[in-house]
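**Q** Take this structure first; my questions come after.
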Amino acid sequence: MSVTKLLRVKRPGRLAAEAAALLIAVAVAFPLYWMVLSAFKPAGEIQSTEARPWTLAPSLDSFRRVFEQQDFGRYFLNSLLVAGTVVILSALIAFLAATAVTRFRFKFRTTLLIMFLVAQMVPVEALTIPLFFLMRDFGQLNTLGSLILPHLAFSLPFAIWMLRGFVKAVPEALEEAAYIDGASRTRFLWQILFPLVFPGLVATSVFSFITTWNDFLFAKSFIISDTSQSTLPMALLVFFKPDENDWGGIMAASTVMTIPVLVFFVLVQRRLVSGLGGAVKD
């Protein structure tokens, strides 16, 4: 069969795949579009029984109510502090742990790797109550530490398992050559190995950032009385009212919450693609 005929045979399949990908992209993007649209709609259009996928009178009233909410800025900074701390600590600890389980042979190493996988199978909801009592016993309730520690613990198994592939892909001959040239183990670790596995660190950091930034369960369970320690998802509760929900405020606050995630993606997108590609290759 000639190359031209082969391309003609494959073309319908390729078109079908592209059409399916386009439909999936539209299905994923439409809720985001509706969220942003509802944030800019005036109250009359939001409460209207005739929903329209556009608005001819955009309004900033919903955003004004969000930013006029008491302590909204503090909630934003708390979320940023918690997510940033989890991302940095999980990246550093996962890098060191992945290097240890890949480069060194020690007892129970295989058991430890299996435990990393088992930890991912336990639902977060099943551990919320035990974590609550643990945080109470350590005196961490109503503090940002009660949010940082659980998210750090949940993000580490995934990060270590994923980074293990990146560390394993670095040839041991490169490490031996560095030692021959006079490099110490610390210098090889931070000046040679760390830059090589950095795309993997970015990929795991995105996972850690999103799960921590969007957390509601731990914030609702562990921050009980001190609202000054609340995070941004808790600010949404203000717009849920017994008589009638403020959907404009909810959508505006959700839009504001999405912006830092988009900014984070834009900043790390190149490293993210190479990191995910390396993970698939491994």
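**Q** Cβ contacts < 6 Å: first residue among the polar types (S, T, N, Q), restricted to the range 244-261; second residue buried (at least 20 other Cβ atoms within 10 Å of the Cβ) and part of a helix (DSSP H, G or I), any location; separation 6+ or different chain. Result?
**A** Thr255/Ala39
**Q** Further question: For Gly182, all conditions in the list (1) at negative phi; (2) out of contact with any Asp or Glu (no Cβ under 7 Å at 6 or more places or on another chain) hold save one; what is the number of the exception?
**A** The one condition Gly182 does not meet is (1).
**Q** Among the candidates Phe188, Phe158, which residue alone is open to solvent by less than 30 Å² (accessible area, probe 1.4 Å) and among the aromatic types (Phe, Trp, Tyr)?
**A** After applying the criteria, what remains is Phe188.
**Q** Another one. Just to be sure, is Glu244 of a type in the set (D, E, K, R), more than 30 Å from Gln269 (Cβ to Cβ), open to solvent by 10 Å² or more (accessible area, probe 1.4 Å) and in a helix (DSSP H, G or I)?
**A** No.
**Q** Here is a list of conditions, (1) touching a residue at least 24 places away in the same chain (Cβ under 8 Å); (2) over 30 Å from Leu262 (Cβ atoms), and Phe166 meets all of them except one; can you say which number that is?
**A** Going through (1) touching a residue at least 24 places away in the same chain (Cβ under 8 Å); (2) over 30 Å from Leu262 (Cβ atoms) one by one, Phe166 breaks only (2).
**Q** Determine which member of the set Ala83, Ala27 is closer than 30 Å to Ala159 by Cβ, in the same structural domain as Ala252 (by the TED database) and open to solvent by less than 80 Å² (accessible area, probe 1.4 Å). So that I can check it myself, show each step before the final result.
**A** Details: Ala27 fails: in the same structural domain as Ala252 (by the TED database).
Of Ala83, Ala27, the one residue that is closer than 30 Å to Ala159 by Cβ, in the same structural domain as Ala252 (by the TED database) and open to solvent by less than 80 Å² (accessible area, probe 1.4 Å) is Ala83.
Results for (1) open to solvent by 50 Å² or more (accessible area, probe 1.4 Å); (2) under 24 Å from the mean Cα position of the chain (by Cα), shown as yes or no for each residue.
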{"residue": "Leu32", "(1), (2)": "yes, yes"}
{"residue": "Met35", "(1), (2)": "no, yes"}
{"residue": "Glu45", "(1), (2)": "no, no"}
{"residue": "Ser48", "(1), (2)": "yes, no"}
{"residue": "Thr55", "(1), (2)": "no, no"}
{"residue": "Ser62", "(1), (2)": "no, no"}
{"residue": "Val66", "(1), (2)": "no, yes"}
{"residue": "Gln69", "(1), (2)": "no, no"}
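Rundown of residues vs (1) part of a helix (DSSP H, G or I); (2) open to solvent by 30 Å² or more (accessible area, probe 1.4 Å); (3) not small (Gly, Ala, Ser), yes/no style:
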| site | (1), (2), (3) |
| --- | --- |
| Arg136 | yes, yes, yes |
| Thr143 | no, yes, yes |
| Leu147 | yes, no, yes |
| Ile192 | yes, yes, yes |
| Thr211 | yes, yes, yes |
| Ala219 | yes, no, no |
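The rows are residues; the columns are (1) closer than 30 Å to Ser230 by Cβ; (2) of a type in the set (D, E, K, R); (3) free of Cβ contacts under 8 Å to residues at least 24 places away in the same chain.
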residue: Ala17; (1), (2), (3): no, no, yes
residue: Ala39; (1), (2), (3): yes, no, no
residue: Thr49; (1), (2), (3): no, no, yes
residue: Pro53; (1), (2), (3): no, no, yes
residue: Leu92; (1), (2), (3): yes, no, yes
residue: Phe95; (1), (2), (3): no, no, no
residue: Ala98; (1), (2), (3): no, no, no
residue: Arg105; (1), (2), (3): no, yes, yes
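**Q** Under 8 Å between Cβ atoms, which residue pairs at least 6 apart in sequence (or on different chains) link something in the range 62-79 that is farther than 14 Å from Gly249 by Cβ with a partner that is among the aromatic types (Phe, Trp, Tyr)?
**A** That search, which allows pairs on different chains as well, returns Ser79/Trp213.
**Q** Checking Lys241 against (1) modelled with pLDDT under 90; (2) within 24 Å of the chain's Cα centre (by Cα); (3) of a type in the set (D, E, K, R), which test does it fail?
**A** Every listed condition holds for Lys241 apart from (2).
**Q** Pick from Leu117, Leu112: which is outside any loop (DSSP other than H, G, I, E, B) and open to solvent by less than 70 Å² (accessible area, probe 1.4 Å)?
**A** So the residue among Leu117, Leu112 that is outside any loop (DSSP other than H, G, I, E, B) and open to solvent by less than 70 Å² (accessible area, probe 1.4 Å) is Leu112.
**Q** Please tell me if Ala97 is over 20 Å from the mean Cα position of the chain (by Cα), surrounded by 15 or more Cβ atoms within 10 Å (Cβ to Cβ), modelled with pLDDT of 85 or more and farther than 16 Å from Ala203 by Cα.
**A** Details: over 20 Å from the mean Cα position of the chain (by Cα): yes; surrounded by 15 or more Cβ atoms within 10 Å (Cβ to Cβ): yes; modelled with pLDDT of 85 or more: yes; farther than 16 Å from Ala203 by Cα: yes.
Judged against the criteria, Ala97 is a match.
**Q** Quick test for you: out of Pro171, Pro199, pick the one residue that is at pLDDT below 90 and surrounded by fewer than 17 Cβ atoms within 10 Å (Cβ to Cβ).
**A** Only one candidate passes the filter, namely Pro171.
The values are calculated or read from the model by the stated rules, or taken from the named source; none is laboratory data. If you're wondering where the values come from, they're calculated on a predicted model, not measured in any experiment. Reconstructed Cβ throughout: ideal geometry from the backbone, glycine too, with neighbour counts over all protein chains shown. All accessible areas refer to the heavy atoms of the entire protein, side chains included, with ligands and DNA or RNA removed. Shrake-Rupley method; radii C 1.70, N 1.55, O 1.52, S 1.80 Å.
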